[in-house]
Amino acid sequence: MLLRTTVDTEQVPAAERFGMWLDLVARTASPLRIRSEHAHDFAARAEIIALGPIQVVNYRYPSLEGVRAPRHGRESAPEIYTLALTVDGDGAASQAGRSSVLGPEEFIFYDGSRPHGVRHLGDDHGREPARSVVALIPHAALPLPPDRLAPLLGGRMSGTEGIGALLAQFLLQIAHHPEQYHATDAARLGNVGLDLASTMLGRHLAAEDAVPTEARRRALVTQVRAYIQRHLGDATLSPQVVADAHHVSLRTLHRLFEAEESTAASYIRELRLARCRHDLADPGLRGQPIQAIAARWGFPDKAHFSRVFRKAHGVGPQTWRAGQQDGNGTQSQPDGVHGQP
């Protein structure tokens, strides 16, 4: 499981909770002057997950308002950008003369070492907790220089479209299910998140060329893989369909996967087979016909599925299925294709 540090203010007396939260914010992001109507009993929680070059923080807290004033000085805060996704509640942020109001599934971007203001109000007029998932990115980790990023400070970006949607899904998956990954995956996952964030910021700047080619390539591969996984059950899914959906040529798609030492067609096939193996090994699906399982994962032709399965595993799907159950009827651990989330 990914290593995470949890800070839960409800583990200390009510009178100490707000101070505990101020200390957390100062250590992980930047010192702020924070106000809250709930300061007398600030029931809040943060889960901090270190992913190599970045940190992902899953926040839940009462409504609050924070300000970093010019007098705080840049030397008192680490040089960290904050890319915050609102999950529940409504918020606002301002920096460098720019202000934005945002709701759920929207990002705000700001530099924690410079003066800024933030506000987050929970639902039901602040009676419900506010929630956000935040990526903390050191200045040095982003391939875009600070002067190029300045126009984006205090601005909002969609978490439901294009690269923004993929980045939002990535951050939410990491924040809500860190147990699904190994600690050794942390650095690689951090680089995936950094590539996605860099590409999204570059596109909002209309300066994508400023993002290194390799970072853009990796971000596109992650986007393509996510698309394939979402449409795996569609029997018409093919490399050409995938290329068209991402507005690239088939040749470009092939080059992307060549760098991954694979092909788009083999990735689709192996991922479909992995899903089929998982369902065939599931005791709860023992009564479901093999053909129904195959069709669910994009193999509508029974004979074709049997040929593909036998070529990959040396036995037909029925024989393989029978071999996955031991005498107690427990499920053996199926293998699969492990792409990025």
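The values are calculated or read from the model by the stated rules, or taken from the named source; none is laboratory data. A quick note: this is a predicted structure, and the numbers were derived from the prediction, not measured. Every residue, glycine as well, gets a Cβ built from its backbone with ideal geometry; the counts of neighbours run over all protein chains shown. Just so you know, the surface numbers come from the protein's heavy atoms only, side chains and all, with ligands and any DNA or RNA stripped out. Shrake-Rupley method; radii C 1.70, N 1.55, O 1.52, S 1.80 Å.
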*Qualifying positions in segment 267-283 - part of a helix (DSSP H, G or I) and either at pLDDT below 90 or small (G, A, S) (or both)*: A274, P283
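Among the listed residues A150, A130, which satisfies the condition of being under 23 Å from T213 (Cα atoms), open to solvent by less than 50 Å² (accessible area, probe 1.4 Å) and of a type in the set (G, A, S)? Walk me through it before giving the result.
On the way: A130 fails: under 23 Å from T213 (Cα atoms).
Unique residue meeting the criteria: A150.
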*(1) among the polar types (S, T, N, Q); (2) within 25 Å of H139 (Cβ to Cβ); (3) in contact with a helix residue (DSSP H, G or I) (Cβ under 9 Å, 6 or more places away or on another chain): which one isn't true of T82, the others all being true?*
(3)
_Please verify whether E47 is in contact (Cβ under 8 Å) with a residue 24 or more places away in the chain and under 26 Å from R188 (Cα atoms), treating the condition exactly as stated._
yes
*asked:* The conditions are (1) open to solvent by 60 Å² or more (accessible area, probe 1.4 Å); (2) modelled with pLDDT of 90 or more; (3) not in a helix (DSSP H, G or I), and Q288 fails exactly one of them. Which is it?
replied: (1)
*asked:* Only one of Q173, Q180 is polar (S, T, N, Q) and either open to solvent by 60 Å² or more (accessible area, probe 1.4 Å) or touching a Gly at 6+ places or on another chain (Cβ under 8 Å) (or both). Can you tell me which?
replied: Q180
*Could you please find all residues in segment 267-278 being within 15 Å of Q229 (Cβ to Cβ), open to solvent by less than 40 Å² (accessible area, probe 1.4 Å) and not aliphatic (A, V, I, L, M)?*
Y267, R272, C276
*At least 2 residues that are crowded, with 20+ Cβ neighbours inside 10 Å in each: list the strands (runs of 3 or more DSSP E) lying fully within segment 1-114 that qualify.*
45-51, 54-61, 64-68, 80-88, 90-95, 106-111
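Given A259, A264, A295, which one is touching a helix residue (DSSP H, G or I) at 6+ places or on another chain (Cβ under 9 Å), at pLDDT below 90 and not charged (D, E, K, R)?
A259
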*Output the number of the condition that L237 fails; it satisfies all remaining conditions of (1) buried (at least 16 other Cβ atoms within 10 Å of the Cβ); (2) of a type outside the set (V, I, T); (3) not in a loop (DSSP other than H, G, I, E, B).*
(3)
*Out of L253, L189, L196, L201, which single residue is open to solvent by less than 60 Å² (accessible area, probe 1.4 Å), in a helix (DSSP H, G or I) and more than 30 Å from A93 (Cβ to Cβ)?*
L253
*asked:* For segment 240-247, check the following and say yes or no: at least one residue is within 22 Å of A303 (Cβ to Cβ) and at pLDDT 90 or above.
replied: no
*What about Q333, is it modelled with pLDDT under 90 and open to solvent by 60 Å² or more (accessible area, probe 1.4 Å)?*
yes
_Against the definition (within 23 Å of the chain's Cα centre (by Cα) and of a type outside the set (D, E)), how does R60 come out, yes or no?_
yes
